[in-house]
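The structure under discussion appears below in the form of structure tokens.
The values are calculated or read from the model by the stated rules, or taken from the named source; none is laboratory data. Please read all numbers here as calculations on a predicted model, not as lab measurements. Glycine gets a Cβ as well: all are built from the backbone with ideal geometry, and neighbour counts include every protein chain shown.
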Amino acid sequence: MVGSITGLHKSPHRGSSVEFAEYRKYAPGDDIRRLDWRVFGRTDRFYIREFEADTNLRSYCILDCSASMGFGSAGKTKIDYAKRLIASLAYLTVQQGDAVGLQCYGDKVLNDVPPRRNPAHLQNIFNTLSTAAPTGETALVSTLHEFAEKVRSRALVIIFSDCFCDVTALLDAFQHLRFRKHDLAVFHLLDPQEVDFKFDRPIRFLDMELADSLLAEPAVIRTQYLAALDEYLVRLREGCNRFNADYRRVLTNQSYEKVLADFLVEREQLMK
């Protein structure tokens, strides 16, 4: 992300900051003000001094607060898991001198905290997270389209959602964000029961967003359910890969520290 304030992360670009990066040979058309005359005096050759670009990162965490995010089979809901990830990322981002914002949505945008980089801003993030509660239907697709039109400056957009919506429409929204040059990461949060479907007796399944219900024998529908789930996950993952979005499927029984560490380490490697 190109900007005017230097964060603590390395820039992948060369620019005009005070931190020297490397020499390269002069080529016709280069700005002669960047010639190193001391090197010329020693070598009788023209070399250009290059520097690390001054950059700052602007990131937005987008939190799904629809009712389905309130599901949790072991006392830990998907939204609680997402809040921990966001709070940790926000803290680390501000500590390295970069800006972070937060947007919470359900069937509409519920909270919109613009990016700031000062430490006092963290309390705004934490207060907003503490009051965020799962309710209503999801408006992920429309929220992302509105975001893409509203935020024109390039940013890192990190989505925390169970992505329970039409895959084709969701991928269109991802494509819209990428078209606007945003860097996109998706934490796809799922409960282990949603993935394993290990139910051993007839059960009534409730739609947490629409209040519909279905009485079923899990042993009868398990094969079809898992096949449909696998197709959905493959389409979502392949679509994210196609649009160069960082897709991460996360189960809520995973260590959130490891999930976050893996994300940060892999992004650091991409920057090198």
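Could you list, in sequence order, all residues of region 143-163 that are more than 27 Å from residue 264 (Cβ to Cβ) and within 17 Å of the chain's Cα centre (by Cα)?
145, 146
Quick check on region 145-157: of everything there that is crowded, with 19+ Cβ neighbours inside 10 Å and touching an Asp or Glu at 6+ places or on another chain (Cβ under 9 Å), which residue is farthest from residue 73 (Cα to Cα)? First the steps, then the outcome.
Applying the first criterion (crowded, with 19+ Cβ neighbours inside 10 Å) to region 145-157 yields 147-148, 151, 155-157.
If we keep only those that are touching an Asp or Glu at 6+ places or on another chain (Cβ under 9 Å) too, we end up with 155-157.
On the way: 155: 34, 156: 31, 157: 28 Å.
For region 145-157, the residue satisfying everything is 155.
I'd like the full set of residues that are touching a residue at least 40 places away in the same chain (Cβ under 8 Å) and more than 19 Å from the chain's Cα centre (by Cα), limited to region 90-129.
107, the sole residue that qualifies.
Residue pairs, Cβ under 9 Å, 6 or more apart or interchain, first in region 225-254 and farther than 20 Å from residue 79 by Cβ, second among the acidic types (Asp, Glu) and surrounded by fewer than 17 Cβ atoms within 10 Å (Cβ to Cβ). List them.
Pairs that qualify, where the first residue is farther than 20 Å from residue 79 by Cβ and the partner is among the acidic types (Asp, Glu) and surrounded by fewer than 17 Cβ atoms within 10 Å (Cβ to Cβ), are 226/196; 246/266.
So residue 219 ticks every box in (1) touching a Leu at 6+ places or on another chain (Cβ under 7 Å); (2) surrounded by fewer than 14 Cβ atoms within 10 Å (Cβ to Cβ) but one. Which box is left unticked?
The single condition residue 219 does not satisfy is (1).
Here is a yes/no grid of residues against (1) modelled with pLDDT under 90; (2) under 12 Å from residue 63 (Cα atoms); (3) not charged (D, E, K, R):
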residue	(1), (2), (3)
97	yes, no, yes
101	no, yes, yes
119	yes, no, yes
123	no, no, yes
137	no, no, no
150	no, no, no
161	no, yes, yes
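Would a scan of region 56-71 turn up a residue that is under 18 Å from the mean Cα position of the chain (by Cα) and assigned to a helix (DSSP H, G or I)?
Within region 56-71 (the criterion being under 18 Å from the mean Cα position of the chain (by Cα) and assigned to a helix (DSSP H, G or I)), the answer is yes, since at least one residue qualifies.
On the basis of being assigned by TED's automatic domain parsing to the domain that holds residue 66, within 16 Å of residue 162 (Cα to Cα) and loosely packed, with under 14 Cβ neighbours inside 10 Å, does residue 231 make the cut?
Working: assigned by TED's automatic domain parsing to the domain that holds residue 66: yes; within 16 Å of residue 162 (Cα to Cα): yes; loosely packed, with under 14 Cβ neighbours inside 10 Å: yes.
So residue 231 fits the description; yes.
Hey, can you tell me all the residues within region 181-215 that are within 29 Å of residue 155 (Cβ to Cβ) and surrounded by 18 or more Cβ atoms within 10 Å (Cβ to Cβ)? Explain how you work it out, then say what you get.
Keep residues of region 181-215 that are within 29 Å of residue 155 (Cβ to Cβ), which gives 181-190, 209.
Passing the criteria: 182, 183, 184, 185, 186, 187, 188, 189, 190, 209.
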